[in-house]
Amino acid sequence: MSSIDAEALYRALLDQLRAVYGDRFGADQSGAEGAVLAGIHSGGAWLAERLARDLNLPSFGVVNVALHRDDYAKKGLHSQASPTSLPFSVDGRRIVLVDDVLYTGRTIRAALNELYDYGRPASVELAVLADRGGRELPVAARFVGGVVNVPADATLVLAREEAGEAGGAGYPRFTFHTEARVD
């Protein structure tokens with residue numbers, strides 16, 4: 001498989017969000033509430049954190065899907081999973097849900113269930129760094145960094161290199177690698 005440039009995909013995703021929302025994230029000058037970011041733990045949360053910084057947003061939310069996953073009984077609760085943290089009211093808000101890889105759509109379904117546990121948003125739009133196809137549910141992203149080809153027997157994994165490592169420029173850098181799929 002050829003190398004997937006996660007940083008190039010990130011720039012494409014950021015450009016799409018800026019083109020649609022410009023400065024309409026958070027609250028606007030009239031005090032009306034604009035769109036907010038919520039990243040799915042963990043890769044989506046990493047992306048939401050960096051997007052919030054690059055879009056000059058004061059905060060972002062983190063959605064933990066562990067309790068809503070359809071494989072919860074088989075896999076259990078991840079030991080490093082933190083609870084959902086939404087520093088904004090969900091009711092009536094336009095939420096941009098962020099994840100690293102869109103594959104079957106099952107994680108997105110779980111994230112929507114978790115969001116609705118906190119209220120009823122006005123709308124939810126999906127932003128993903130990489131879309132690898134293979135949908136099992138009718139889920140599509142409005143914002144996509146890029147479409148990637150990954151063998152069905154592999155998992156696409158986002159990694160984060162912290163600022164300062166290998167000459168980082170004050171913010172985390174993203175890379176992708178593949179691992180053998182374990183079901």
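The values are calculated or read from the model by the stated rules, or taken from the named source; none is laboratory data. Model, not experiment: these values are computed from the prediction. Every residue, glycine among them, receives a Cβ derived from its backbone with ideal geometry; neighbour counts consider all protein chains shown.
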> Name the pairs whose Cβ atoms lie under 8 Å apart, with the first residue in the range 116-139 and among the polar types (S, T, N, Q), the second not in a loop (DSSP other than H, G, I, E, B), and 6 or more positions between them or separate chains?
Replying inline: Ser123/Arg94; Ser123/Ile95
> Looking at (1) modelled with pLDDT under 95; (2) in a helix (DSSP H, G or I), can you tell me which one Trp46 breaks?
Replying inline: (1)
>> Suppose we keep only residues that are at pLDDT below 95 and surrounded by 15 or more Cβ atoms within 10 Å (Cβ to Cβ) within the range 4-32. Which one would you say is farthest from Leu156 (Cα to Cα)?
In response: Gly26
>> Return the residues of the range 79-117 that are closer than 14 Å to Ala66 by Cβ and among the small types (Gly, Ala, Ser); say none if nothing qualifies.
In response: Ser79, Ala81, Ser82, Ser85, Ala110, Ala111
> Val124 versus (1) modelled with pLDDT under 95; (2) more than 23 Å from Phe174 (Cα to Cα); (3) of a type in the set (A, V, I, L, M): which is the lone unmet condition?
Replying inline: (1)
